[in-house]
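Undergrad: For reference, the structure I am asking about is given below.
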Amino acid sequence: MGVCNRCGRELKTQKSIDDGYGPVCKKKQSTEDAEFEKIQITLEEVVKLEVAI
């Protein structure tokens, strides 16, 4: 049996084990991942803005 990568609970279905998340945590994680992607700046944007790294 696997455990959820988010909350650590035991995963009961094969789909959840394959995903690494239970259904509730998968939805929460997907939402957070989408928000994270929105705030990321690409390398092309950095070069375009001539921002020093």
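Readers should treat all values here as calculations from the given coordinates under stated rules, not as data from a laboratory. The structure displayed is predicted, hence computed values, not measured ones. Quick reminder, even Gly has a Cβ in these numbers, built from the backbone with ideal geometry, and neighbours come from all protein chains shown.
Undergrad: Across the chain, how many lysine pairs separated by 8 or more positions, or lying on different chains, have Cα atoms within less than 25 Å?
TA: Close lysine pairs found across the chain: 10.
Undergrad: While we're on this one: Residue separation times 0.36 nm, minus the C-alpha to C-alpha distance between Lys27 and Arg6: what's the value?
TA: 6.5 nm
Undergrad: Would you mind putting 4-11, 20-27, 36-43 in packing order, based on average other-beta-carbon counts within 10 Å, highest first?
TA: Ranking, from highest mean packing down: 20-27, 4-11, 36-43.
Undergrad: Then there is this: Among Gln14, Val47, Gln29, whose Cα projects farthest towards the positive end of the dipole of the chain, with charges put on the beta-carbon of Lys, Arg (+1) and Asp, Glu (-1)?
TA: Highest projection toward the positive end goes to Gln14.
Undergrad: What full-extension length gain, to one decimal in nm, is calculated for Gln14 and Glu44 as 0.36 nm per residue of separation minus the Cα-Cα distance?
TA: Gain on stretching Gln14 to Glu44: 6.8 nm.
Undergrad: Only Lys, Arg, Asp and Glu count, each charged at its Cβ (+1, +1, -1, -1), so figure out the dipole size of the chain about its Cα centre, rounded to 20 debye.
TA: Roughly 460 debye, rounded to the nearest 20.
Undergrad: Can you list the residues, at least 5 places off or on another chain, whose amide H is less than 5 Å from the amide H of Val3, using H built in the peptide plane?
TA: Result for Val3 returns Leu11.
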